[in-house]
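The structure's right below; bear with me while I get my questions together.
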Amino acid sequence: MNNDDNGLTGYLDEQANLYHTTGQSAISDAVYDSLARTVGRVVVGAKDGRDTVKHNTPMLSLNNILTTGVCDQVETWEYTALSHWMSTVLSRLPMIRDSVWVIEPKLDGLAIRLNYVDGRLISAALRGDGVYGRDVTTVMVDSGIVPLEIDYRDAIEVRGEVNCAEGVFTALNTQLRDDGLKPYSNARNAVAGWMSSASPHLAICQFTLYDAMGISDCHVRNKEVCAGLGFTTAKTLGTFKLTDTLETITDIFTQSASQRSGSMTDCLWDGLVYKLDSHIDRLAIGGNDTAPMWAIAHKYPPSEATTVVVGITFTVGIDGRITPVCQCDPVEIGGVIVSECTLHSMHRLHDLNISVGDTVSITRNGDVIPHLHSVVYRPTTRMETADYAPKRCPSCQSVLETVGKHLYCENHEQCPSQELSRHLRFVSERGFNIDELGTERLKVVLQQGVLLGEGVSGWYSDGVEDRLATALNSATVARKIIGAFEVAKDKISLANYLYALYIPGCGYTLSKKLSYHVRSIQDILSMPNTQLMEITQLKEHAVIALKMQLMSSRIQEADHWMTVRGIIPKTQITTIRGSVVITGTLSQSRQAITAMLERYGYTTTTSVNQTTTAVICGDAPSMSKVNRAVKLNIPRWTESQLTEHLSTIHITE
């Protein structure tokens, strides 16, 4: 990232102080680390200013080993940095070549130390800047999450992370949403905020010990003793020596990835920690003012990074919506190079107040489209966001209209971008599934009038193959494309057909629901509104809007010519059996469960009411929904009970 300091160091100081005093830093750890690397900073820390105390031994941050690759595909992970660290330490410190290193999870929590004398807790403090930290003795005593007395007479100091198990945190956020309250953004910042305000929510947290001093020279032995005293200790995942093979470590590292997302009992892991088992060895090699040499953090590939905005452009969607797109300095996130990121709406562009030159945080999980999370730093000289707003459509130059939070091009039939988007949807996997047609070929088709202005039905018009061969300069390619359309003609389901035509307000899920109960578009139009409302779970105004879209000239003409040219979608009528509500986490995805229920004639809704047939309860269900079901005497099914119930229903394949 090309970015001069330009006040960035001061900004990082401000964010570190906010985090350590209030838990409300505007940026995540990953973003802080990314920005800090641009100015050569290592330590995250701040003096609290509120009853700070000095640590007997500094609580230093750890240096990091970074892993490259796709964050959720362990087979792509590269360990060059790990190999370099092992060889560097071995060459510089040959005296510890046979020393044992312990492997533990790097917990995503709030570092704290506890001091015990004569078996009683006498002091507790946050890490702060590593030398001084906030005194939180009273907060920890009141929290109930650490032992106040232990069966150990000598003075000892234990260090660990106050953290919130991900399952517990998710359940809390679910309850907050159900109660109409704002959920927390992430568990670690929530814990820091609770600690700062001495919130009762600390009671749902846990303290996980990762180090102890004053017991013995052996780290693993110290953890065993502390476990016997009532502490929860960090798991020992394995051990190694610097002379071992790289695979000794990487095998454990990749296996640990399955636990990184946390559970009902564990918080998130953001990597592993490698530390010397012997305290004598630790003292011998020491470290510097910022980090020890005897321990290091090995991070998983990131799903978040920072970069600089170099331009803002605008695209036109299938419905005419204008979407701003940030062009950025290329940055690797989870093994993928990202150079642009959509902002979804003009409102979001203004809400984030983004301008060229800003440093932004971009997240990406798995194969999900990159998401511009926030602006993390603004230079002193910048253009105002409002100056970027377009007045005319970038595709057809029509004057744009503001509708709610969005800008729209209302030239639906003539706008080249909207026409291209409709054809891309028509040939997509959920439409007619024509692999041979992509964006560039479709642009040529539309520019050269291959479809004679007939819209999507033009793919089945007379002479289309010859015109396509001329446009693409290839009879072979044209034959293959038209052949694919002929195959689709005999296989297309009504759900895919409805989706392919692009009916505003009717996505694939709604198309699928309709396909279980009707045989054609005309069936939908002739169906009473009340029946459509029951099938689709739409409000009456949405059902009326759907029918108006189906009666539009574009849909009616396309459906007419499709029928004339022999495209009769396949249907599968299903009996309506009721509606269910799904809450909690199930073994299958929510999408898979919903599809299965619809296949058996059940619709799904998000609220429990008198018409609800049953509530499907997974792990950590919403208690407000469960209580509502109890009040209305509505059956609550587990996933296994649902499966058993569906097995009694016979459906015609």
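The values are calculated or read from the model by the stated rules, or taken from the named source; none is laboratory data. All of these numbers come straight from a predicted model, not from anything done at the bench. Heads up, the Cβs are rebuilt from the backbone with ideal geometry, glycines too, and the neighbour counts pull from every protein chain shown. Heavy atoms of the whole protein, side chains included, go into the accessibility calculation; ligands, DNA and RNA do not. Shrake-Rupley method; radii C 1.70, N 1.55, O 1.52, S 1.80 Å.
If Arg153 meets every condition in (1) modelled with pLDDT under 95; (2) open to solvent by less than 50 Å² (accessible area, probe 1.4 Å); (3) over 29 Å from Ile582 (Cβ atoms) apart from one, which number is that one?
(2)
Give the residue that is modelled with the lowest pLDDT, with candidates limited to residues of the range 117-129 that are crowded, with 20+ Cβ neighbours inside 10 Å and outside any strand (DSSP E or B). Walk me through it before giving the result.
The initial filter retains those residues of the range 117-129 that are crowded, with 20+ Cβ neighbours inside 10 Å, namely 124-129.
Subsequent filtering for residues that are outside any strand (DSSP E or B) retains 127-129.
Values: Arg127: 91, Gly128: 87, Asp129: 83.
Looking at residues that are crowded, with 20+ Cβ neighbours inside 10 Å and outside any strand (DSSP E or B), I get Asp129.
Return yes or no: is Thr245 under 23 Å from the mean Cα position of the chain (by Cα) and over 19 Å from Glu161 (Cα atoms)? Break it down into steps so the answer makes sense when it comes.
Numbers: under 23 Å from the mean Cα position of the chain (by Cα): no; over 19 Å from Glu161 (Cα atoms): yes.
So Thr245 fails the test.
What is the one condition in (1) open to solvent by 40 Å² or more (accessible area, probe 1.4 Å); (2) at pLDDT 95 or above; (3) under 26 Å from Ser515 (Cβ atoms) that Glu429 does not satisfy?
Going through the list (1) open to solvent by 40 Å² or more (accessible area, probe 1.4 Å); (2) at pLDDT 95 or above; (3) under 26 Å from Ser515 (Cβ atoms), Glu429 breaks only (2).
Same structure, new question: Can you name every residue in the range 285-298 that is at pLDDT below 90 and open to solvent by 30 Å² or more (accessible area, probe 1.4 Å)?
Gly287, Asn288, Asp289, Thr290
Given the residues Asp281, Asp251, which is the only one that is of a type in the set (D, E, K, R), closer than 21 Å to Met59 by Cβ and either open to solvent by 60 Å² or more (accessible area, probe 1.4 Å) or in contact (Cβ under 8 Å) with a residue 12 or more places away in the chain (or both)? Walk me through it before giving the result.
Details: Asp251 fails: closer than 21 Å to Met59 by Cβ.
Residue meeting the stated conditions: Asp281.
Just to be sure I understand, how many residues within the range 326-346 are modelled with pLDDT of 85 or more and not hydrophobic (A, V, I, L, M, F, W, C)?
6
Do we have Arg554 as outside any helix (DSSP H, G or I) and either surrounded by 15 or more Cβ atoms within 10 Å (Cβ to Cβ) or touching a Pro at 6+ places or on another chain (Cβ under 6 Å) (or both) here?
So Arg554 fails the test.
Mind checking which pairs have a first residue in the range 316-334 that is touching a residue at least 12 places away in the same chain (Cβ under 8 Å) and under 23 Å from Asn353 (Cβ atoms) and a second that is among the small types (Gly, Ala, Ser) and part of a loop (DSSP other than H, G, I, E, B), Cβ under 8 Å, 6 or more apart or different chains?
Arg321/Ser345; Thr323/Gly317; Thr323/Ser345; Pro324/Ser345; Ile333/Ser303
Within the group Ala475, Ala484, which residue is over 30 Å from Thr604 (Cβ atoms), open to solvent by 50 Å² or more (accessible area, probe 1.4 Å) and of a type in the set (Gly, Ala, Ser)? Let's see the steps before the verdict.
On the way: Ala484 fails: open to solvent by 50 Å² or more (accessible area, probe 1.4 Å).
That would be Ala475, the only listed residue that is over 30 Å from Thr604 (Cβ atoms), open to solvent by 50 Å² or more (accessible area, probe 1.4 Å) and of a type in the set (Gly, Ala, Ser).
Assess whether Leu468 counts as being in contact with a Ser or Thr (Cβ under 6 Å, 6 or more places away or on another chain) and open to solvent by less than 40 Å² (accessible area, probe 1.4 Å).
Details: in contact with a Ser or Thr (Cβ under 6 Å, 6 or more places away or on another chain): no; open to solvent by less than 40 Å² (accessible area, probe 1.4 Å): yes.
No; evaluated as a whole, the condition is false for this residue.
Scanning for something open to solvent by 70 Å² or more (accessible area, probe 1.4 Å) and outside any loop (DSSP other than H, G, I, E, B), does the range 380-391 turn up at least one residue? Steps first, answer last, please.
Step one: filter the range 380-391 for residues open to solvent by 70 Å² or more (accessible area, probe 1.4 Å), giving 380-381, 383-384, 387, 391.
Keeping just the survivors that are outside any loop (DSSP other than H, G, I, E, B) gives 387.
Yes - at least one qualifying residue is present in the range 380-391.
For the condition closer than 16 Å to Ile369 by Cβ, among the polar types (S, T, N, Q) and either at pLDDT 95 or above or open to solvent by less than 10 Å² (accessible area, probe 1.4 Å) (or both), what is the one hit in Thr307, Thr323? Full working, then the answer.
Values: Thr323 fails: either at pLDDT 95 or above or open to solvent by less than 10 Å² (accessible area, probe 1.4 Å) (or both).
Only one candidate passes the filter, namely Thr307.
Residue-wise test of (1) among the small types (Gly, Ala, Ser); (2) closer than 30 Å to Thr605 by Cα; (3) not in a helix (DSSP H, G or I).
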| position | (1), (2), (3) |
| --- | --- |
| Leu407 | no, no, yes |
| Leu420 | no, no, no |
| Arg430 | no, yes, yes |
| Leu437 | no, no, yes |
| Arg441 | no, no, no |
| Leu451 | no, no, yes |
| Asp466 | no, no, no |
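In the range 82-99, what count of residues is obtained for those that are over 33 Å from the mean Cα position of the chain (by Cα) and open to solvent by 60 Å² or more (accessible area, probe 1.4 Å)?
First, the residues of the range 82-99 that are over 33 Å from the mean Cα position of the chain (by Cα): 87-99.
From the residues that got through so far, the ones that are open to solvent by 60 Å² or more (accessible area, probe 1.4 Å) too are 87, 91-92, 94-95, 97-98.
Qualifying residue count, the range 82-99: 7.
Just checking, does the range 532-545 include any residue being among the hydroxyl-bearing types (Ser, Thr, Tyr) and either at pLDDT 95 or above or surrounded by 18 or more Cβ atoms within 10 Å (Cβ to Cβ) (or both)?
Of all residues in the range 532-545, those among the hydroxyl-bearing types (Ser, Thr, Tyr) come to 536.
Now restrict to residues that are either at pLDDT 95 or above or surrounded by 18 or more Cβ atoms within 10 Å (Cβ to Cβ) (or both): 536.
Yes, the range 532-545 has at least one match.
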